[in-house]
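*Asks:* Next up is a structure, given as structure tokens.
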Amino acid sequence: MYIFKKPRWQLSQTEVTDEALFHKRRDFLKLGAAALVSSSVVMDTLWAAKNDLLSPLAFTPTPYGKELELSTFEQASTYNNFYEFSTAKEKPARMAHTLRPSPWEVGFHGECENTTPLEVSALLATLPLEERIYRFRCVEGWSMVVPWIGFPLSALLAIAKPTSKAKYVLFQTKYDPTMFPDQRKGMRQGAIPYPYVEGLRMDEAMHPLAFVAVGMYGKVLPNQNGAPLRLIVPWKYGFKSIKSIDHVAFATTEPKNTWQALNPREYGFYANVNPHVDHPRWSQAKERKLGSFLKTETLMFNGYGEEVASLYKEMDLKRFF
Ligand SMILES: Nc1nc2c(c(=O)[nH]1)N[C@H]1C(S)=C(S)[C@@H](COP(=O)(O)O)O[C@H]1N2
Ligand SMILES: [Mo]
């Protein structure tokens, strides 16, 4: 008899978990049979209270995504992928209190003139914050719409003054086993190899839609969403949007991102959202927005094709997936 053990790191499609999330509100109602208020009101109040504990940010609203229907703060902050804590979606929200987002320095390495590390608080004092509502599509088939607060990635990279040799930029999540319990297990026992690494081509990184989030829903980022700062690349699958960034490094060659290193057949460097290129184990044609039962069509480049398609015009997107 063959026992096929699924590798722990293997991402899977999330139908069941999504349904579980959907039913959570109803279970809450059953718990309090005498409740006069609807479960969603109670849940929203509970989560509003959690959100209240986070510091508010001053920011300028922008027209980005004003037409989109927001996911709730509860949805975006309790259904997470953050393997440094756990591979279970609901666990990072409960475990991420061990992450200490301040003080926090961001480093700049490689092909750049200015390699002085910057404290995040100093960064916030320099760069004006804006709010952008973006669609977010995980490679697993779920999606959400989040009001991020932050600044264009180009503004962060400009501080480092990349040289003309910089063709790619690498991002690395902090490695600190006192903050991230899964990093304690060592290379072979953890869910994935750490530190988590991601990368972009320089022209992708400088694109005006590429964003660094330091907050969401008007407040600083909850730890489980990648405090104190994380990447948001809305036209790419969620795994490109690396959390809790320790440093960036400018490179002459394409860096190997964590998921590509783990499974190059399933995950590439580009990871552009593409309904016409299926994942080897599931279709990417549709997605399920958090909290909803029905699937909707996935949009080319996650709906940002008008802005970003020109970055890839000479490329075979089936090959460079
Ligand atoms: N350091 C780090 N960054 C990460 C991940 C992770 O496990 N570790 N997961 C990625 C994946 S697969 C997704 S879908 C998003 C999830 O972001 P969210 O929890 O804010 O929804 O974070 C991405 N960034
Ligand atoms: Mo993801």
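Please treat every number below as a calculation from the coordinates, not as lab data. Quick caveat: nothing in here was measured; it's all calculated off a predicted structure. Methodologically, a virtual Cβ is constructed for each residue, glycine included, from the backbone with ideal geometry; neighbour enumeration extends over all protein chains shown.
*Asks:* Would you mind checking which residues have amide H under 5 Å from Met216's amide H? H placed 1.01 Å from N; only 5 or more apart, or other chain.
*Replies:* Counting only residues 5 or more places away or on other chains, the set is Ile149, Leu221.
*Asks:* Rounded to the nearest 20 debye, what is the charge dipole size of segment 214-313 about its Cα centre when +1 sits on each Lys and Arg Cβ and -1 on each Asp and Glu Cβ?
*Replies:* In debye, rounded to 20, segment 214-313 gives about 280.
*Asks:* Would you work out the relative contact order for segment 138-275, in percent, from Cα pairs under 8 angstrom that are 6 or more residues apart?
*Replies:* Relative contact order here is 32 percent.
*Asks:* Then there is this: Within 10 Å of each residue's Cβ, count the other Cβ atoms and sort Phe321, Phe239 from fewest upward.
*Replies:* Phe321, Phe239
*Asks:* Got a sec? Charge dipole of the chain, +1 on Cβ for Lys and Arg, -1 for Asp and Glu; which of Gly238, Phe180, Leu68 is way out at the positive end?
*Replies:* Final value for the positive-end residue is Phe180.
*Asks:* Another question about this same structure. Only Cα pairs under 8 Å and at least 6 apart count here; give the relative contact order of the chain as a rounded whole percent.
*Replies:* Once divided by the residue count of the chain, the mean separation gives 19 percent.
*Asks:* In debye, nearest 20, what is the charge dipole magnitude of the chain about its Cα centre with +1 on Lys and Arg Cβ and -1 on Asp and Glu Cβ, if you could check?
*Replies:* 960 debye
*Asks:* Between segment 255-276 and segment 289-310, how far is it from one alpha carbon centroid to the other, in angstrom?
*Replies:* Result: 18 Å between the Cα centres.
*Asks:* Under the classification rounded if a/c is under 1.5, otherwise prolate if a/b is larger than b/c and oblate if not, where does the chain fall, given a ≥ b ≥ c as square roots of the Cα gyration tensor eigenvalues?
*Replies:* rounded
*Asks:* For Lys174, Lys236, Lys318, Lys167, what's the fewest-to-most ordering of other Cβ within 10 Å of each Cβ?
*Replies:* Lys318, Lys167, Lys174, Lys236
*Asks:* Still on this structure, please answer the following. Enumerate by residue number the trypsin sites (Lys or Arg not before Pro) in segment 60-147 meeting two conditions: DSSP loop (anything except H, G, I, E, B), and at most 12 other Cβ atoms within 10 Å of the site's Cβ.
*Replies:* For trypsin sites (Lys or Arg not before Pro) across segment 60-147 that sit outside H, G, I, E and B with at most 12 neighbouring Cβ atoms in 10 Å, the list reads Lys66.
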